[in-house]
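Student: Sharing a structure below in structure tokens format, with a few things to ask.
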Amino acid sequence: MTILCLFSCKKEQKSEYESLKEMYQKSPDLWPKPELDSSVVHKELGMIPKPNYPGGVEPSKGLIQLGKQLFFDNRISQSKQIACISCHHTDQNYTDNRELSLGHNLQEGNRNAPTAMNLSYNTSFFWDGRASSLEEQALGPIQNPVEMNTHLDTVVKRVSEIAGYRKAFKKEFGKDQIEIDDVAHAIATFERSLISRKSKFDYFLAGKQELSESELKGLHLFRTKARCMNCHNGPLLTDGKFHNIGLTYYGRKKYEDLGRYNVTNKAEDVGKFKTPSLRDVMLTGPWMHNGLFGNMDGVLTMYSNGMPQPKRREHQMNDTLFPTTSRLIQKTNLTEEEIQDLKAFLGAITAPAFRIRNPELPK
């Protein structure tokens, strides 16, 4: 009798995978509560949303196509050799997979080129958030002497000299004269249309595909022990905020970057950078604002170890700009197996590369 009971009880025990499947097959609002700092207001993970256009009005196909042509057109750069696409390749998920991008006269920038995907819901742009709209962002690299190095008047002049562009701008904006704001709006409209394809995780949320055991364990770790949800939450897997994760390299001339502080001049913003979306993250390496980390196992291990926590030296005691790593970054002591499970989940939120056909540019 006792033997039969023990056998029966043992048989009824569920594996960790079966228990997780049971929990995560429910609606996301019924999932286990994520491990969050008390200061964090988060959104639950969800399916990739549709593009968000100004005023909720979907643009014409013609305007998107015009922006696409400008995005691919190297004639708007000073040298006529660099276009937006030069640092945001379609077959590399709109990144260039370089630590630092090359621009005018092969100059190297000081930050990694982030993906141009899924930007339509953003309210700030660039790693330091110095642009408040996609239109403003679009004009930044054009004017940057290290990137496209072009005066905006030159852009208008060159675009206006091309009959195909004059015709397209007339059709979309209803006026004969091309203005730089129209150029920026066209490029920004094309960028807003760039949305990730559905990932395995999206199909899982829709009930159309199951996650593997490792991917499901990784999802649970992402939301709990690994504490990823403190900064990477919501359908786009970012809080859109700025955090210092300990990679300021303060006082080291070669790599020092004060981040958000360069925009706000507030001491508390030293070393803060915008939280990137983790959509398609396995395709957008090397990672971080400086592109110094090309191995995801290494990145996850650093987070597990609590990231760098710089301590003041004697000569820095009165330094009001000395950076402090965010308290959201904590040591989690993930095992090697847990790191691999977390990596598997990052693969599940990575959709196949987004490729589009190069547009025919007006002569």
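Student: Listed residues Lys254, Lys272; which is over 30 Å from Phe169 (Cα atoms) and modelled with pLDDT under 95?
Tutor: After ruling out the rest, the residue left standing is Lys254.
Student: Right, here's the next one. Which one of the conditions (1) more than 13 Å from Arg111 (Cα to Cα); (2) out of contact with any Phe, Trp or Tyr (no Cβ under 8 Å at 6 or more places or on another chain) does Lys254 fail to meet, given that it meets all the rest?
Tutor: Lys254 satisfies all of (1) more than 13 Å from Arg111 (Cα to Cα); (2) out of contact with any Phe, Trp or Tyr (no Cβ under 8 Å at 6 or more places or on another chain) except (1).
Student: Which of the numbered conditions does Leu361 fail, given that it passes all the others? Conditions: (1) more than 28 Å from Ala131 (Cβ to Cβ); (2) surrounded by fewer than 19 Cβ atoms within 10 Å (Cβ to Cβ).
Tutor: (1)
Student: Next up: Just the residues that are surrounded by fewer than 18 Cβ atoms within 10 Å (Cβ to Cβ), within 30 Å of Lys50 (Cα to Cα) and touching an Asp or Glu at 6+ places or on another chain (Cβ under 9 Å), please, taken from the range 223-276.
Tutor: Thr224, Gly234
Student: May I pose another question? Quick one: in the range 206-220, which of the residues that are within 27 Å of Thr95 (Cβ to Cβ) and buried (at least 20 other Cβ atoms within 10 Å of the Cβ) is farthest from the chain's Cα centre (by Cα)?
Tutor: Leu211
Student: Can we say Leu334 is surrounded by 15 or more Cβ atoms within 10 Å (Cβ to Cβ), touching a residue at least 24 places away in the same chain (Cβ under 8 Å), farther than 27 Å from Tyr203 by Cα and outside the structural domain of Glu108 (by TED's automatic domain parsing)?
Tutor: Against the criterion (surrounded by 15 or more Cβ atoms within 10 Å (Cβ to Cβ), touching a residue at least 24 places away in the same chain (Cβ under 8 Å), farther than 27 Å from Tyr203 by Cα and outside the structural domain of Glu108 (by TED's automatic domain parsing)), Leu334 qualifies.
Student: Restricting to the range 276-319, count the residues that are outside any helix (DSSP H, G or I) and either among the hydrophobic types (A, V, I, L, M, F, W, C) or more than 22 Å from Lys241 (Cα to Cα) (or both).
Tutor: 15
The values are calculated or read from the model by the stated rules, or taken from the named source; none is laboratory data. Just so it is clear, the structure is predicted and the values come from calculations on it, not from any experiment. Using ideal geometry, Cβ is built from the backbone for each residue, glycine included, and neighbour counts are taken over all protein chains shown.
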